[in-house]
Amino acid sequence: MTTLTGRILVADDEESIRWVLATALGGEGHTVEQVYDGEAALQRLTRDHFDLALIDIKMPGLDGLSVLTKAREAGLMTPIVIITAQNTMSNAIEAMKRGAYDYITKPFDVEEVRLLVQRALEMRRHEADLNRLEEQTRRRFELGVEIIGKTPAMQDIFKTIGRVAHTDATVLIQGESGTGKELIARAIHAHSPHWSGPFIALNCSAVPRDLLESELFGHERGAFTGAVEQRAGVFEVANGGTLFLDEIGDMPLELQAKLLRVLQERELTRIGGREVIKVDCRIIAATNQDLERAVKHGRFREDLYFRLKVVPITVPPLRQRRGDIPELINYFIEKINREMGTSVTGVSPEARTVLNTHAWPGNVRELENTLVRAAVLAPGPTLMPRDLALATRDATTTVYDDMSLEEIVRLKLKEYFRQTRDVEPTDLHQLIMERIERPLIELTLERTNGNQLKAAAILGINRNTLHKKITQLKINPKPRAQET
């Protein structure tokens, strides 16, 4: 076994004890520093880094237990071993209550001290590894890194994740396929007290109905045909961590009742078994269905719905958060280059317009897959519209499908400013108003078959004003169907 070495502080008012410990531990390769009272020990612990401290319980001024207490109150996590000449239960209990790693009694066996130091240093190393792993895990699922979103809807989701992560509340994530529901579930897990436990995901729609109960709750050997050995279900496997039940809306009604009982009682029994097994995991469910409607139609249990919907999170489709598309494009291009060895340097303005206006029925997943395909197959470093291979349909039903009027106007204005970036426009307000008013009045007249009185009423203006605008904008007052 590899011998670990570290920097050790020895605090004792007896010079002989300090010499014995410094000689024994120094001979093992440790760096040992000595102080003779509690005040000096606390000062050194606060100022310098030590991997371990051996502190006598009785010293002039500040005693060992007081040094321990003040060190913990200051947030110092250095392992501290208390040295005592009185092997009493009260000393041992008090030292451990105050946060000591261990305690030793005088006279002590030097070999036992060496072993104790090794155990403490191993624990210190494991804690450092665990802290490093926690930092890596949380950095991976840092909001705004793996999950991109600056739109108000996504910012609200980030706030909800922050509020709910440190609790054990059940979360129900709703949203269309491809919106990133599992990423949100993983972010909640990564920022929770269960982060070091397993994250187990089960897609309820991907498991055959007759096997789903076994996947959830496990089975005993011989419980049914094919059960040749005992098998734990996902609830057991997820103990100490998070269980993510994806597509919960596809779960059969008969299983919903059993799931509800497990959520309520926090215990289960395997199929064919009698042993009651405690459940200790956080539950996050997700669905692309409208569960409230499913409840009304009798396809989903109302009591289970409310049991799952303790904290609801609704993830908007990509078409409702188009403001995030530019940042998503940049993020995915960088990720694809890093993971697939491609060398895409940018996306042409025309290609960005296509990406910004596409309907994205497959949401963020479709956007990523589109960029992966384009990056791999594109002949040059800049992605062009032809590289995206997106289905081209009628622009009035595809490009601006599901976009609000304000989003369409904003998009067209951006395009206008880009095209005129070398020219300083004048009378822009009047120009834009005319371009919006003309089709508005034309379509209203078309709807009323040229009846200007009805058209004025629909527009909320008087007939004279309408007639004036028709003249100014050179609008044909006859609807197109009447033109010969």
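The values are calculated or read from the model by the stated rules, or taken from the named source; none is laboratory data. Note that the structure is a prediction, hence the values are computed from the model and not measured. Positions of Cβ are backbone-derived with ideal geometry, glycine not excepted, and every protein chain shown enters the neighbour counts. To get the accessible areas, we keep the full protein, side chains included, count just its heavy atoms, and leave off ligands, DNA and RNA. Shrake-Rupley method; radii C 1.70, N 1.55, O 1.52, S 1.80 Å.
Kindly write out, for the stretch 362-376 in residue order, the coupling ³J(HN,Hα) from the Karplus curve 6.51 cos²θ - 1.76 cosθ + 1.60 (θ = phi - 60°), rounded to whole Hz, with x marking Gly and Pro.
x, 6, 4, 4, 5, 4, 4, 4, 4, 6, 4, 4, 5, 5, 6
Rg (Å, one decimal) plus Dmax (Å, integer) for the alpha carbons of the stretch 170-223?
So, for the stretch 170-223, Rg and Dmax equal 14.3, 41 Å respectively.
Mind checking Rg over Rh on the stretch 177-301, alpha carbons, Kirkwood formula for Rh?
0.97
Using 0.36 nm per residue, how much length does the chain from Val228 to Ile475 gain when fully extended, once their Cα-Cα distance is taken away?
Values: separation 247, 0.36 × 247 = 88.92 nm, distance 8.06 nm.
Taking 0.36 nm per residue and subtracting the Cα distance, the gain is 80.9 nm.
Quote the relative contact order of the stretch 1-125 in percent (integer), defining contacts as alpha-carbon pairs under 8 Å separated by 6+ residues.
24
Provide the FRET efficiency to the nearest 0.05 for the Asp13-Ala74 pair, computing r from the beta carbons and using R0 = 30 Å.
0.85
Could you check the simple spin-label distance between Met123 and Lys258, using points 7 Å along Cα→Cβ, in nm with one decimal?
4.3
Among the aspartates and glutamates, which have Cα under 12 Å from the Cα of Lys150 when same-chain residues fewer than 8 positions away are ignored?
Asp324, Glu327
Based on the Cβ-Cβ distance from Phe417 to Arg163, what FRET efficiency comes out when R0 is 56 Å, to the nearest 0.05?
Using R0 = 56 Å, I get an efficiency of 0.90.
Any idea what angle helix 325-340 forms with the longest principal axis of the chain, computed on alpha-carbon atoms, 0 to 90 degrees, nearest 10?
So the helix axis and the longest Cα principal axis differ by about 50 degrees.
For Ala24 and Ala457 in one chain, what is 0.36 nm times their gap in residues minus the Cα-Cα distance, to one decimal in nm?
Fully extending the segment from Ala24 to Ala457 adds 146.0 nm.
Could you give me the radius of gyration and the Dmax of the stretch 254-309, taking only the C-alpha atoms into account and expressing both in angstrom?
12.9, 37
Given R₀ = 51 Å, what would the calculated FRET efficiency be for Ser348 paired with Ile93, taking r from the Cβ atoms and rounding to 0.05? Numbers along the way, then the final one.
Working: r = 72 Å, r/R0 = 1.41.
That gives a FRET efficiency of 0.10.
Quick query: amide H of Val347 versus all other amide H atoms, modeled in the peptide plane; which residues come in under 5 Å with a sequence gap of 5 or more or a different chain?
Under 5 Å from the amide H of Val347: Leu383.
In nanometres, what is the gap between the two model label sites at Lys468 and Glu446, each 7 Å from Cα along Cα-to-Cβ?
In this crude label model, Lys468 to Glu446 measures out at 2.7 nm.
At a 1.4 Å probe, what is the % contribution of carbon and sulfur to the accessible area of the chain? Let's see the in-between values first.
Values: 13420 of 26680 Å².
Answer for the chain: carbon and sulfur cover 50 percent of the accessible area.
How much accessible area per residue does the stretch 270-321 have, in Å², with a 1.4 Å probe?
54
Out of every Cα pair in the chain, what percent are spaced more than 27 Å from each other?
Roughly 72 percent, rounded to a whole number.
Over 26 Å between Cα atoms, which of Lys412/Lys469; Lys414/Lys478; Lys258/Lys278; Lys159/Lys296 qualify? Provide the component values of the computation, followed by the final result.
Details: Lys412/Lys469 24 Å; Lys414/Lys478 33 Å; Lys258/Lys278 15 Å; Lys159/Lys296 30 Å.
Cα-Cα > 26 Å for Lys414/Lys478; Lys159/Lys296; rest within.
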